[in-house]
């Protein structure tokens, strides 16, 4: 029999921030990384060292040690210093697919600058794995992956296997027992022998190839300098074993070639049988989670597409600005950072990065639309452009702010089509705005302008506009003229609203009923809030022993505003709650959470809009909004990165987890990207979130969709939770900010009903909600210090209306962006269907469309723009936009 081989992988798992700040981590990395680099240079027998599979920590280090870059390049070239492929160590369940792709793009790019990167999807500590990771890895040419958390015997029997995405892409996986499995080997020969034998006995049944990989290193640990000597001792005391320092990539290649018949698995990894996945961390610090989700949606759905549209017209694409923005977001997407399972001080760093990213994005997007508007011929001093950033024709009601020349207006286009407006709010700003604009005349290529003489009034208005149809991926110029004053409907006293699809009412006790006009179904008590206790920490919700579920509210006020385009119920309630768990057990309600709820129905729109703002005054609790249905669901259907996923609403494992000594309770608290649904043979109900990305199917018949609004918890980590026995996760420390006391949380939801379940229709609806039609008004009177002054170009040579590209087929656009360091554009879309492949055709102002990998390498030219997309598969298309304006 051949010797058992032990491959020892030296590494450090370097959390860039956690209970400590990134500043402290950075300073200590200077000391530790100096030591590692110097020791590797001086000791050739120390074969290699992994820098945690992320390059952001190397980038930080080189920023303070530029003189070390050449030495790093030499070690990387010699395979001694193993870096990449990630920029940061991300969460894979709650961040977007685009975030994961950019993480690898920027990580690989920086690693290649230093020489090369590790071609392994290495995530030693991320809190679970989404099932699309094999597809993402294959899109970058990886054949291997390694991760720790989420595994269960019910998923795979052994710890090395092939992992397959729904589209068929697969990678060979090593499940890491622990990234500190060989972290603290003793020097004493007798103790070392016992240490190794205990590890091998524990692992040999799960790793069957004759090679067991052990990891020497742990969180923020320096290099173990005596490792070669320890292994030399091990060879003497255990001659039946072979010990070798090796890289992870070497080890995986050797294991894969062993000839063992490895099993195959398709699905996600979210079970906490052997390590905690913290499967409710998706709602920790709801305020920051919502910031992440909204910024991600804005980058992918608005900012990059607007800049790409401008790029096709000859304007500069700010590639470096987007890199800066994405890197801010990627620093926040690291598993601890996005988990917000950090100290309060660290979470302030996270929040600041979100604020900076948001401000950069909004300003950049405004500038690109302004640049476009300045090159469009002016036929109306108040003209504006509306943008459809999806690749097919669409219309809808938009709510926006415009400056108007009159207090009653009509919106129309070049062909004379009229677009119905409704003014919601208006004020006269002629004096302040016109005065500040006139003084700037003469600095912007427009000294002979007459606009300031033609304008009599400027009104600042919040307005609704009914846009019937816009061309694919386009803008359209609209104009404003005076209209005869119309009668404004009064606010009616009865507490109900309706449109073509639904009638919604609320009674004096706060019970909300919904009547589905199409299906003639009356849903009583259709939407309500439910609050329960939470003994958990920043990692996990945990149900207290004597939990009390509360839903009673006191209705303070109900108002209603209706017009021909939109009807809204404005509801204000107080929800009496116990201040903490102690009061909950005692049955005391000493505080009131103030909740404002806006329920909206829009003309020709089948979505019920729900806008919730909560002022939180309680701790140790969880607040959820419940969509109550008549569906008895065995499964939920939610979207994930580039696809949809089917999950059980009840886990049988929950009955025996304690007896089987799981690390944490298996739960159906699930992540999502934008929507969840339940279905039966007659009806599908969908909830789209513009808030926390967490849901659970609840109720005795699993007929209710519970969306987490917020959790309030006072500790970073706690020990001996009901749902997570044993040690504290992280460390036990108070986190006052995570209580969210006196914090306002705003979340938005949209409920829609369908006769049958269709992945594409649900994904399309969610995409349209999160990619609203937007508009920009580039009027010359805005060219003042308030809005920044820019030169008004002499040439007005852009078309009044413009469409850049179209995609035909049942696919969902992910984003449109400029290719990294190339003059091309990348269009990425995906098929959300789990059962059927789809065909699509991309149409633009060129016939030269090419399919590419996720790392933007060309595969082949498309035949007439046609392409087939597998189940839950993402496709990237590269093309060169043709324009005459550069």
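Of all residues in segment 361-397, those satisfying the criterion of being farther than 22 Å from residue 313 by Cβ and either without any contact (Cβ under 8 Å) to a residue 40 or more places away in the chain or under 35 Å from the mean Cα position of the chain (by Cα) (or both) are 395, 396, 397. From the list 349, 298, 317, the lone residue that is in contact with a strand residue (DSSP E or B) (Cβ under 7 Å, 6 or more places away or on another chain) and not assigned by TED's automatic domain parsing to the domain that holds residue 89 is 317. In segment 856-878, the residues that are without any contact (Cβ under 8 Å) to a residue 12 or more places away in the chain reach residues that are assigned to a strand (DSSP E or B) with C-beta atoms within less than 8 angstrom, at least six apart or across chains, in these pairs: 859/850; 859/851; 859/852; 860/850; 860/851. Could you say whether any residue in segment 227-248 is more than 24 Å from residue 192 (Cβ to Cβ), under 39 Å from the mean Cα position of the chain (by Cα) and either modelled with pLDDT of 95 or more or in the same structural domain as residue 39 (by TED's automatic domain parsing) (or both)? Looking for residues that are more than 24 Å from residue 192 (Cβ to Cβ), under 39 Å from the mean Cα position of the chain (by Cα) and either modelled with pLDDT of 95 or more or in the same structural domain as residue 39 (by TED's automatic domain parsing) (or both), one finds none in segment 227-248, hence no.
Within segment 221-251, being part of a loop (DSSP other than H, G, I, E, B) and without any contact (Cβ under 8 Å) to a residue 24 or more places away in the chain holds for one residue alone: 239. Scanning segment 716-730 for residues that are surrounded by fewer than 24 Cβ atoms within 10 Å (Cβ to Cβ), under 14 Å from residue 541 (Cβ atoms) and more than 25 Å from the chain's Cα centre (by Cα) gives 718, 721, 722, 723. The criterion of at least 3 residues that are surrounded by fewer than 21 Cβ atoms within 10 Å (Cβ to Cβ) is met, among strands (runs of 3 or more DSSP E) falling completely within segment 320-425, by 394-404. Inspection of segment 162-182 finds no residue satisfying the criterion of being farther than 23 Å from residue 89 by Cβ and more than 28 Å from the chain's Cα centre (by Cα). When residue 828 is tested against (1) assigned to a loop (DSSP other than H, G, I, E, B); (2) in contact with a strand residue (DSSP E or B) (Cβ under 8 Å, 6 or more places away or on another chain), only condition (1) is not met.
Taking segment 205-220 as the range and being over 15 Å from residue 53 (Cα atoms), assigned to a loop (DSSP other than H, G, I, E, B) and touching a strand residue (DSSP E or B) at 6+ places or on another chain (Cβ under 9 Å) as the test, the residues that pass are 206, 207, 208, 209, 210. When we screen 103, 79 for residues that are surrounded by fewer than 22 Cβ atoms within 10 Å (Cβ to Cβ) and either closer than 24 Å to residue 245 by Cα or in contact with a strand residue (DSSP E or B) (Cβ under 9 Å, 6 or more places away or on another chain) (or both), the only hit is 79. Counting only residues that are closer than 30 Å to residue 266 by Cβ, crowded, with 20+ Cβ neighbours inside 10 Å and either assigned by TED's automatic domain parsing to the domain that holds residue 165 or in contact with a helix residue (DSSP H, G or I) (Cβ under 7 Å, 6 or more places away or on another chain) (or both), segment 817-847 holds 3 of them.
Taken over segment 320-338, residues that are farther than 16 Å from residue 358 by Cα and either out of contact with any strand residue (DSSP E or B) (no Cβ under 8 Å at 6 or more places or on another chain) or free of Cβ contacts under 8 Å to residues at least 40 places away in the same chain (or both) amount to 2. Scan segment 803-816 for residues that are assigned to a strand (DSSP E or B) and in contact with a helix residue (DSSP H, G or I) (Cβ under 9 Å, 6 or more places away or on another chain) and the total you get is 6. On inspection, residue 654 passes the criterion of being surrounded by fewer than 22 Cβ atoms within 10 Å (Cβ to Cβ) and under 27 Å from residue 551 (Cα atoms). Checked against (1) outside any loop (DSSP other than H, G, I, E, B); (2) more than 22 Å from the chain's Cα centre (by Cα); (3) closer than 18 Å to residue 289 by Cβ, residue 741 passes all but a single condition, namely (1).
Just one of the listed residues (195, 207) is assigned by TED's automatic domain parsing to the domain that holds residue 242 and under 35 Å from the mean Cα position of the chain (by Cα), namely 207. What is the number of the single condition among (1) touching a strand residue (DSSP E or B) at 6+ places or on another chain (Cβ under 8 Å); (2) part of a loop (DSSP other than H, G, I, E, B); (3) touching a residue at least 60 places away in the same chain (Cβ under 8 Å) that residue 668 does not meet? Here residue 668 meets the rest and fails (3).
The values are calculated or read from the model by the stated rules, or taken from the named source; none is laboratory data. Since the structure is predicted, the reported quantities are computational estimates derived from the model, not experimental observations. Note: ideal-geometry Cβ built from the backbone for every residue, glycine included; neighbour counts use all protein chains shown.
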